[in-house]
Structure formats: structure tokens, C-alpha cells
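Taking it in order: structure first as C-alpha cells, then the write-up.
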Amino acid sequence: MDSSRSFNDIPLRVRPTKLSTDTADGISALDQETFSFDIEQPPREPNNTSEPLERRLGLWSGMGIVMGSIIGSGIFSTPALILGSVGSVGMSIVVWVIGALVSICSCAAYMELGTMLPRSGGEKAYLEAAFPRPRALLGFIFCLTFILICYPTGLAADAVVTGSYLLYAVTGQATGHSVWAERAIGVGVAGLCALMHACVAKAAIRTQSFLTVVKALLLLLVVFVGLFNVGKGQLAHNVFAGTSTNANDYASALFKVFFAYSGFTALNYAVDELKQPEKTLPRAALGGLSVTAVLYVLSNVAYFAVLDVQAISSAGTTVAGVFFTEVLGETWGQRIVPVFIALATLGNVMCGVFSASRVVFAAARDGYLPLDHLWASVNQTFGTPVWALGATWALITVFIVLPPPGEAYALLIDVGGYPFWVFSGLAVIGLVRMRFTHGDLVRPFRAWMPAIVVSICAAVFMCVVPFIRPSDAGSLAVPYWVAPVTGVVFIAVSCGLWFVKTVLLNHVEYHKQINEDQI
């Protein structure tokens, strides 16, 4: 080896490779070229990172995971927060419609990425393919940010809402119960979901599918009950009275709307476990998102058809519980239906834990995490990434316990939402870039260019506007800039960690290898 060669001269070779699947299992071969990125560096000790996961997800189970990942605490808990931000009933419904359209556009872009680069890991794989230099930078930052912030904050919020609805069923009170009781239930919920995915994976998937049906039926019940009570709520009045004109208020509302719609990318993180991914992925994701979007908009109309602004605002995160109490009475509305809502949000946590653990698994498999041998291992008894699931549960627990009471739920959504938009925008920009740089790649699904433009514009809006001072900034317990600044700071810290791990440590390893070769 030439000792005069510096580490910065090490080339990044990009070579097309064929991905194939085992046709013996009834899975068609993927005649699809994708990338493998080889950084020429000293070989590392082999680790346990190449073990395959079973392809157990078909169209209906995949669609169940998508709908189960989307329908969660958002639709049952954020309407009051969104109303508080935009100021009027009419504008609340408008932002839910905008959220649906933008989410469908983003989903279409992700389907092109997922079928063009059919590998688990989601944005990690897409960013590395679109932006290979600096080597592995964006993939590394994405993995750290999603593993340590985006996923655990959202799932922590869902788990706590599960606790609040169970306590609502027990006490009959929408607010006023112990914050720590909610959090203790949330920790237990997250632990149960991780344990099921670790030890009884097929039963967990069946449970997710069942809970998805429960959630869909709950939303249908909300819609039908609202139709029979039109005129009793705020829809009978001036629906746009009090509409906010502050841009930050809309950014805050849209963060919560997009949080409610988030989850349509769940299967992008588990492509390795899909049967016929080039067909199953777009059908399951777009189908599940479209059905959910219709139910969401109609559910919000139903809420406002039954409840007035004051009732919704005072309900906090238990809007659905107050809604059912109003129309079904105390026994059903306060005691029975909230249990099913809690099961619905539990199902969302279960789907989220599944997806989050696969990001941990994919990141460790590529050596991005400390102790990567551990997190990327597949348990021989259960055939699941047990340690990755355990790490996911531990991180969710941290975010359940750490945030201050009061605005914790909204803060968790905003802190986790900001980095998501940074990387979502970069991934879609990368898609556009690859249309020019790698136009010969097979694309089983091709997104419409206007949808891609909408997705990029939405990402830019969501990244810039949170820094604008909102109209009620003086009354906020947590400064408005905390969420976006937290995201930016963490991304910056991740850049530093990437430099240490990918450049400095490999530089030391490189020269160590040179010295060994000379000896």
C-alpha cells in the first residue's frame, strides 16, 4: 500500500448491484439495480449484521401496519391543540385537508424511492444513494436523529395518551389525574409492544391488524355520530371567526396535523420484510393513507358538529372522550369507549415500535452505532432484532419521563417533528437529483412531478416558519424556539459525531493498517 496516500484520497466507489429475492419462497426476483457504497478502508472484524429478516408482510398486513402507524393519538388528541393554534373551526378543518393532500404527495415521492431502492432503513438508504459525498454523512445524521429524537418523542406522546384515556375511563375525568400515572402506563405500554415484537412477532402483527380495525371502526363511529348531530356544535355558527393571521401558528398546527398523518412511511423502513415489495409497498402505503385521510377529515367535521369551541378547548388531549360522553352518555362515553381509544393508541405505539426498531437495526448493520454487533443481531430463537427493540423501548421511556408537565405532549410532537421535515425534504430533493444523475434506474412507481414540488415546498415551510415568533409567545410555558433549535443543535452535534467516527477514527485505523503492511 502506498504510504504517501492520505485518508482524504480514499475513493468512494459506487457500483450497481442486483438485488434478488428467494423465489423458492414464492417471492419474485427484483430486476432492479441499486447502489452499494464501498469506502475503501481497512477491513473490520466481521459482525453479526448480515442476518436476514423473514419476509412475512403481504398487502393486507402491510396496509394494516400503515393505517395502524397513522391512526393513533393524533386524531383523538390534537384537535384542541390545532384549534388553539389557528383560532377557528373552519381553519382547523382546512389545515386537516391541507395535511392530507401534502401527505399524499409526500407518500407518492417515498413510494418512488422505496421501489427504486428496495432496502430497509427508509431515508437512510435514500440519502446515501442521492448524496454519497461526504461519505455516509446524511445517512449517519438521519439515523442518529430519528433513533434518538424523532421516533421516541412521537411514540412517547402516543404512549402517554394511552395512559390518559385509560385513566379517563377509570375516573370519568378528562383532566386532573396524575401526570406520573399517565407516564407509568405509557412506559408499560411501550414495553409490552417491544416485548411482543421481540418474542411473538407474528402474533404482534396480527394484533396490530386487529387494533387497526378497532381504530377504523372508532373513526367510523365518530363520523356517523357526528352526522346525526349536525347543528348542535360549532358548525352552526361562523366557522372562520377568530382565524389567526400569524404564520407560526399555522406551522405549529401543521406540525400536529402532520404528526397525526405520520406513519405512511412505516413500510419503507421494513422493505426487507415485504413480499413483492415493488408492488406491495405503493399499494399498501397509498391505500392506507388515503382511507385514513378521508376518515380524519370527516372525524374533525363530526367533532365540531357535536362540541362547541369551549368544550373542545377544555378537553385537552381527550377530545374524543368528551365527544363520546356528549353523544353516548356517561356509561358508554366515559367508561367503555375510552378503553377502545386507548387500545387504538396502543396499536399506534405497537406499529411505531416495529418501524423504529428497524431503523436501529439498519443503522447498526452499517456500523453507525456503538455496540453495533448487539443492535444488529437477530435472535436465533425468535428470529427478531431483540436488542434493537429493547433500545427502542429504552429511548421511548426516556422521553416519557424527562419532559416537564403541562405542555409535554405538544412539545414532544414539535421536537420530533422538526428534524423529520429536514430529512424528508432532503430525501425528496435527492429523488429529483437521481432522476438526472441515475435516470436509467428502474422505477416500478413514478411520482407525479407536481406532487414532488408540493412535498419539497411543504418541507421548506415547516423548516423555516417555526423560527417566526407566534402571536401568543408571551404566554407559552416553553419558548416557541425550543423545538426547532433542539432539532438544529442535535443535527449539528451529529455532524461532529460523524466526523469523529467516520473521519478521525478511520484515519487512525487507516494509518495503523499502513504500519502493519510495512512491517
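What ranking of THR153, THR397, THR265, THR243 emerges when the number of other C-beta atoms within 10 Å of each C-beta is taken as an exposure proxy, fewest first?
Values: THR153 28, THR397 19, THR265 25, THR243 15.
Final ranking by Cβ density, sparse to dense: THR243, THR397, THR265, THR153.
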How many Å³ per residue does the convex hull of the Cα positions in the stretch 154-207 occupy? 82
Residue-wise HN-Hα coupling along the stretch 182-192, computed from phi with Karplus coefficients 6.51, -1.76, 1.60 (Hz; x: Gly, Pro): 4, 5, 4, 5, x, 4, x, 4, 4, x, 4
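Take ASP366, ASP249 and order them by how many other Cβ atoms sit within 10 Å, fewest up front. Kindly include the intermediate steps, with their values, before the conclusion.
Working: ASP366 19, ASP249 22.
Placing the least packed residue first, the sequence is ASP366, ASP249.
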Taking amide H atoms as placed 1.01 Å from N in the peptide plane, list the residues 5 or more away in sequence, or in a different chain, whose amide H sits under 5 Å from that of SER244. GLY87, SER88
Can you give me the distance in nm between label points at CYS457 and TRP481, each placed 7 Å from the Cα along the Cα-to-Cβ direction? 2.9
Relative to the present Cα-Cα distance, how much length would full extension add between VAL464 and ARG133 at 0.36 nm per residue of separation? 116.6 nm
Stretch GLN173-LEU217 to full length: gain in nm at 0.36 nm per residue minus the Cα-Cα span? 13.4 nm
Going residue by residue through the stretch 260-272, the Karplus relation 6.51 cos²θ - 1.76 cosθ + 1.60 with θ = phi - 60° gives ³J(HN,Hα) values, rounded to whole Hz and with x marking Gly or Pro, of 5, 8, 5, x, 5, 8, 3, 6, 5, 8, 9, 4, 4
With r defined as the distance between the Cβ atoms of GLN276 and LEU504 and R0 fixed at 35 Å, what FRET efficiency is calculated, to the nearest 0.05? 0.25
What does the stretch 207-321 give for Rg and for Dmax, in Å, if only its C-alpha atoms count? 17.3, 51
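What is the gain in length, in nm to one decimal, between VAL398 and ARG433 on full extension, counting 0.36 nm per residue of separation less the C-alpha to C-alpha distance?
8.8 nm
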Virtual spin-label span in nm between ASP308 and TRP448, 7 Å along Cα→Cβ: 4.2
Can you work out ³J(HN,Hα) from phi for every residue in the stretch 133-142, in order, using Karplus 6.51 cos²θ - 1.76 cosθ + 1.60 and θ = phi - 60°, giving whole Hz and x for Gly and Pro? 10, x, 4, 6, 5, 5, x, 5, 5, 4
Points 7 angstrom from Cα along the Cβ direction at GLU330 and LEU371: gap in nanometres? 5.1
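Using the Kirkwood radius over C-alpha pairs as Rh, can you work out the diffusion coefficient of the stretch 349-402 via Stokes-Einstein at 4 °C, viscosity 1.567 mPa s, in µm² per second? Working shown, then result.
Values: Rh = 11.3 Å.
In µm²/s, the coefficient rounds to 115.
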Exposure proxy order (Cβ contacts within 10 Å, fewest to most) of CYS105, CYS457: CYS457, CYS105
For the stretch 82-138, what are the per-bin percents of Cα-Cα distances with bins 5 Å wide, up to the bin holding the maximum? 4, 17, 16, 13, 12, 10, 10, 11, 6, 1
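With 32 Å as the limit, write out which pairs from LYS256/LYS501; LYS215/LYS279; LYS124/LYS275; LYS124/LYS279; LYS279/LYS501 have Cα-Cα distances beyond it, or answer none.
Numbers: LYS256/LYS501 35 Å; LYS215/LYS279 26 Å; LYS124/LYS275 21 Å; LYS124/LYS279 21 Å; LYS279/LYS501 37 Å.
Over 32 Å Cα-Cα: LYS256/LYS501; LYS279/LYS501.
For the stretch 51-156, divide the Cα radius of gyration by the Kirkwood radius and give the resulting Rg/Rh value with two decimals.
Values: Rg = 17.2 Å, Rh = 16.7 Å.
Using only Cα positions, Rg/Rh for the stretch 51-156 is 1.03.
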Along its three principal axes, how long is the stretch 406-460 when you only count alpha carbons? Whole Å, largest extent first please. 52, 19, 18
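Throughout, read-outs are computed from the coordinates displayed, never taken from laboratory work. Because the structure is predicted, anything quoted here is derived from the model rather than measured. Please note: Cβ atoms are built from the backbone with ideal geometry, for glycine as well, and neighbour counts cover all protein chains shown.
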